Each structure stands twice: as structure tokens, then as C-alpha cells.
Amino acid sequence: MPHASQRPADKPIVPRHVAIIMDGNGRWAKQRGLPRIEGHRRGVETVRTVTYAARDLGVRMLTLYAFSAENWNRPRAEVGALMGLLELYLKKELRTFVRDRVRLMTIGRIEDLPAGVRRHLAATVEETKGFTDYTLVLALNYGSRTEVADAARSYAAAVASGRERLDDGSWERFARHLYTFGMPDPDLVIRTSGETRVSNFLLLQAAYAEFIFTPVLWPDFTKVDLAAAIEDYSRRERRYGLTSEQVKPAKAAVK
Ligand code: FPP
């Protein structure tokens with residue numbers, strides 16, 4: 001059965017939670033004869049724009065895939081530059097988040113990030129934790145497979161200490177050990193740049209999500225593109241394993 005919060009009758013017109021695989025920074029730069037880092041720098045500007053665009057459009061949670069567990073394998077200079085951009089971004093945004101009541105959360109193996117980034121993240125997460133209207137989640141050093149491995153370890157430890165019971169094998173109990181514990185599942189996942197892969201992003205949480213792949217490169221992605229994706233989403237029928245006929249009365253009930 002779908003989780004109570006995922007029943008078709010609850011389907012919002014605007015997705016509550018949008019998750020984005022931000023792709024195409026490198027190609028954006030290459031098209032202009034610029035170094036890749038310029039694409040990432042421009043990508044940070046898009047992060048700023050889209051954070052507020054999503055909120056204006058009625059989204060309650062936005063998750064951005066900012067650095068994957070596999071991204072460490074990029075050239076050292078690019079990894080260093082990305083971490084530098086991230087630190088600068090966090091330093092600049094803290095006051096803005098507090099002013100605009102944006103809650104910041106993270107998912108991923110944060111403990112492996114450079115100390116400067118961790119320090120800014122911890123401060124921002126702490127200072128914004130009281131905000132409830134809108135949440136920005138940064139997926140950092142994130143990968144679904146490491147998340148599952150970490151969750152399995154955490155679950156096993158909880159069983160060993162009696163906090164979980166081995167005979168309760170439910171998804172709901174297991175999901176409490178994922179990085180996303182307490183967050184709603186994404187309703188809509190967007191990937192920019194024309195690639196049609198999920199790249200180890202929220203594989204379990206997106207089990208019932210709608211997917212939109214757009215050719216727009218991340219640095220060029222605008223509020224108009226986000227609004228178009230949300231419009232497309234709102235026309236889709238989410239069935240959660242049910243038939244179209246079963247879903248329709250529920251859809252009528254929300255009108
Ligand atoms: C993919 O483009 C993008 C990334 C690997 C990183 C995304 C990072 C940012 C937008 C900037 C940092 C984020 C924050 C929140 C400050 P790509 O390099 O894979 O592009 P390509 O496929 O065209 O080469």
C-alpha cells in the first residue's frame with residue numbers, strides 16, 4: 001500500500017517536494033569557450049534563482065543534487081573549485097536564508113566534506129531549523145547506494161540495541177534510517193541538460209515520483225522552465241500502483 005501521505009486523493013496540483021539533478025554546467029561553459037568552473041559559478045546563480053522561484057510557485061521543499069558521491073572522481077582542481085564555490089555560497093546565503101525564512105537541510109555523507117564547508121553547513125542548518133514554510137535540501141556527497149548501506153548499518157545497530165525489532169520489516173521503520181527521515185518523498189524529479197538518467201539520486205524516495213527531463217542546461221534554467229515543469233506535472237495522473245479508474249474518483253474528490 002502507498003504510504004498514507006502518498007494516496008492519489010492527496011495529489012497536490014503543485015508538487016510539494018521538487019528534486020532537481022542540476023546537469024550541464026560543463027557543457028554550458030564549453031559552448032562559450034570558458035573553463036568548466038565558470039559553468040559551475042553560473043550554476044550557483046541558478047541555484048539562487050530557482051530556490052526562490054520554487055517557493056514563489058508554491059513548492060514547500062526543494063532538493064538539489066549539488067555533489068554526488070561519485071563526483072570526487074572528477075579532476076582534483078574541479079573538486080576543489082566546487083567545494084570553494086559551495087563554501088562561498090553558504091557564507092553568503094546564511095543571512096539571506098534567515099531573512100527569508102528558508103530552512104536549510106542536507107542529505108549525504110556530510111562528514112567527508114572539507115571542514116570549512118561542514119562548519120558553514122552546521123551553522124546554517126542550526127540557525128534556520130525553526131523555519132517551517134519552505135525548505136532547501138542540499139544533496140552533498142550523496143548517493144542512493146551509500147545511503148542504503150548507511151541505513152542498513154544504522155538499522156542493524158538499532159536492532160542490536162533494541163530500538164528496532166527484527167520482526168518489523170516495514171518500509172516505514174527502515175525509512176527512518178535514511179538521510180531523508182522526516183522529509184516527504186519527492187513528487188517531481190527534474191533533470192536538466194537532456195540526459196535521461198537518475199544517477200544514484202533518491203532512488204527509493206522517488207519510487208512514485210514523476211520525472212521530467214529537459215534539454216535546458218542548468219545555468220540557463222529559469223523560473224519559466226520550472227513553472228513549465230510544474231504545469232506538466234499537474235497534468236499527469238499519479239496512480240501509485242492503482243488503476244486509472246480507481247484513481248479518478250479520488251481525483252474528483254480533491255476538486
Ligand atoms: C553537473 O554539471 C553539475 C554538478 C556536478 C555540480 C552542480 C553544482 C552546482 C550547480 C554548483 C554548486 C552548488 C551549490 C549548491 C553551491 P556537469 O559539470 O556534470 O556538466 P556537464 O555534464 O555538462 O559536464
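The values are calculated or read from the model by the stated rules, or taken from the named source; none is laboratory data. Just so it is clear, the model here is predicted, and its values are computed rather than measured. Counting neighbours? That spans all protein chains shown, and the Cβs are built from the backbone with ideal geometry, glycine included. Accessible surface areas use protein heavy atoms only, side chains included; no ligands, DNA or RNA. Shrake-Rupley method; radii C 1.70, N 1.55, O 1.52, S 1.80 Å.
Tabulated results
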{"quantity": "Residues (closer than 16 Å to Ala66 by Cβ and either in a loop (DSSP other than H, G, I, E, B) or more than 8 Å from the ligand (Cβ to nearest atom) (or both)) located in the range 22-33", "calculated": "Met22, Asp23, Gly24"}
{"quantity": "Qualifying residues in the range 76-108 (those that are without any contact (Cβ under 8 Å) to a residue 24 or more places away in the chain and among the charged types (D, E, K, R)) - the one farthest from the ligand (Cβ to nearest atom)", "calculated": "Arg99"}
{"quantity": "Given (1) within 14 Å of the ligand (Cβ to nearest atom); (2) surrounded by fewer than 23 Cβ atoms within 10 Å (Cβ to Cβ); (3) aliphatic (A, V, I, L, M), number of the condition Val14 does not satisfy", "calculated": "(1)"}
{"quantity": "Enumeration of residues in the range 214-230 that are over 20 Å from Arg27 (Cα atoms), in contact (Cβ under 8 Å) with a residue 60 or more places away in the chain and surrounded by fewer than 18 Cβ atoms within 10 Å (Cβ to Cβ)", "calculated": "Lys223, Ala227"}
{"quantity": "Residue check for Thr106: more than 16 Å from Phe67 (Cα to Cα) and among the β-branched types (Val, Ile, Thr)", "calculated": "no"}
{"quantity": "Scope the range 93-144; condition open to solvent by less than 10 Å² (accessible area, probe 1.4 Å) and of a type in the set (A, V, I, L, M); matching residues", "calculated": "Val102, Leu104, Ile107, Leu113, Val117, Leu121, Leu136, Val137, Leu138, Ala139, Leu140"}
{"quantity": "Residue in the range 204-213 that is open to solvent by 20 Å² or more (accessible area, probe 1.4 Å), without any contact (Cβ under 8 Å) to a residue 12 or more places away in the chain and not small (Gly, Ala, Ser) present", "calculated": "no"}
{"quantity": "Those residues of the range 59-75 which are near the ligand (Cβ under 8 Å from one of its atoms), open to solvent by 30 Å² or more (accessible area, probe 1.4 Å) and hydrophobic (A, V, I, L, M, F, W, C), in sequence order", "calculated": "Ala66"}
